[in-house]
Amino acid sequence: MFNDHQYYLINNKEFLNKQTISELINIIQNNPDDIIRIFNLLKLNKVISVFKVLDFPTKKRIIEELSIKKKMGLLNNLPVEDRISFFQKIPEDSLKDLIKYLNTEEKQRTLVSLGYPKNSVGRLMVPYYLAIQKNWIIQDLLDYIRKEVKNSDVIEIVYIIDKNGKLIDDIKIRDILLVNPKTKVSDLMDGKYTAALNISDTEEVATKLFSLNNRVSLPVIDDQNFLLGIVTMNDILWGLNENYKEDVQKIEGMEVLNQSYLNVPLYKLIKKRAGWLILLFIGEMFTTTVMQNFSGALEKAIVLTLFIPLVVSSGGNSGSQAASLIIQAMALGEVKIKDWWTVMRREIICGFFLGSILGMTGFIRIIAWHNINLYDYGPHWILVGLTVFLSLIGVVLWGTFSGSMLPFIIKKFRGDPASSSAPFVATLVDVIGLIIYFSVSYMLLHGTLL
């Protein structure tokens, strides 16, 4: 509840429009039930700035409840990349209704962008850019910038196109400002542009190209080199942030929430997490089955049970490490499906040496504990130590192999590599790891402890 003064302020049009964007966000967060009233009192430029930074459920509610006039103003003046980011999360039936509020020009831009694949540069592209022809003089260019800058958020680069609209060069604004206004644009050209993105490139490709070129924006072209628009670094960072949040949730073994934690209804939070947990629980049931099959061996050599958590968890940890490394490398474009053989060889070698290090550590621990009388491993303690040593090599080797290969398999079948999450890898390694451990135990201890 808030007092009369606070109530007056959030209903005061003049007061609200004097607030900064961060202050307005704070007011909205403190008064969620009055968000529509607040939006209806704000000027259009404030509405757009605030709307852009809100989470999707809040945006959806605003669009559904906002007055028709305000809704039309917001949707038509929202930057194309922000509009597309919002529209692509809207159900198809609702989307058709929203598109009706767009004018002809904005409707065409929106439909074209929505036609591009998800996570492609086309979805992030801004159709506004400064493009001129080489026969202009600098004064013509400066006049053009003054006239068109209102339609462009980024004016770091001016693009030069031929009469058909194909990109042929680019010039930095600072280079233009340092020459005589009567200089021809062609005199500043070097006949090539720094870099360009194809309309079908992924966000990962765009990120890599931005990292190689010190630019705030990059041009977007089609297969015939026609200049279609630009993509800004801010748009790429926004897209990467959204994908990062989704991937983190997938890696941890749950469905994507698509909204902040505190705003997710409790039943939905349970539903999102239950699916993976049930699947993983069923997988862990195989672990119980394996242990039941080797129950006879465990009854004869109780000492073997002491090392089950040690051996199995080491395999799960190594598998999770490998999966995380490969998923990250795939996301950054460092590793592709064709590199699977190279990755497998590297991970087998890593797995062997990592397993040997852990195995030797475990072996030394058994020797030390037995000889200083901290625990009596029985007359065959050397064989027990060798069992742990060899088992750790085998389990860690399996963990690195399966953890590194699962992302490739999932991506090969057009899935999301992030879905080969740490819990999934750990469950897989648990089952096979126990089989490896008990098999090594039987081979080494048969005729002695077993």
(message) Rolling a 1.4 angstrom probe over the protein chains, ignoring ligands and nucleic acids, what is the accessible area of ILE349 in square angstrom, nearest 10?
(response) 100
(request) Using the heavy atoms of the protein chains and a 1.4 angstrom probe, tell me the accessible area per residue for the stretch 76-138 in square angstrom. (result) 49
(message) If DNA, RNA and ligands are ignored and the probe is 1.4 Å, what is the ranking of HIS370, HIS446 by accessible area, most exposed first?
(response) HIS446, HIS370
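Using R₀ = 45 Å, calculate the FRET efficiency as 1/(1 + (r/R₀)^6) where r is the Cβ-Cβ separation of LEU212 and THR448; round to 0.05.
0.15
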(message) Please compute the length gained on full extension between GLN139 and ASN225, using 0.36 nm multiplied by the number of residues separating them and subtracting their Cα-Cα distance.
(response) 28.2 nm
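Set the bar at 21 Å for Cα to Cα. Now go through LYS18/LYS100; LYS13/LYS46; LYS52/LYS89; LYS13/LYS107 and name every pair that lies beyond it.
Distance filter (> 21 Å) returns LYS18/LYS100; LYS13/LYS107.
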(message) Suppose every Lys and Arg Cβ carries +1 and every Asp and Glu Cβ carries -1, with no other charges. What dipole size does the stretch 55-119 come out with about its Cα centre, to the nearest 20 debye?
(response) 100
(request) Return the distance in nm (one decimal) between the two label points of a simple spin-label model at SER49 and ARG146, each offset 7 Å from Cα along Cα→Cβ. (result) 2.6
(request) Show the residues, 5+ positions off or on another chain, whose built amide H is closer than 5 Å to the amide H of VAL231. (result) VAL126, LEU218, VAL220
(message) Within 12 Å, Cβ to Cβ, of LEU325, how many net charges do the neighbouring residues add up to if Lys/Arg are +1 and Asp/Glu are -1?
(response) -1
(request) Tell me the trypsin sites (Lys or Arg not before Pro) within the stretch 322-365 that lie in a loop according to DSSP and have at most 13 other beta-carbon atoms within 10 Å. (result) LYS336
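The values are calculated or read from the model by the stated rules, or taken from the named source; none is laboratory data. Just so you know, these numbers come straight off a predicted model, no measurement behind them. Using ideal geometry, Cβ is built from the backbone for each residue, glycine included, and neighbour counts are taken over all protein chains shown. Heads up: the accessible areas ignore ligands, DNA and RNA and are worked out on the full protein's heavy atoms, side chains in. Shrake-Rupley method; radii C 1.70, N 1.55, O 1.52, S 1.80 Å.
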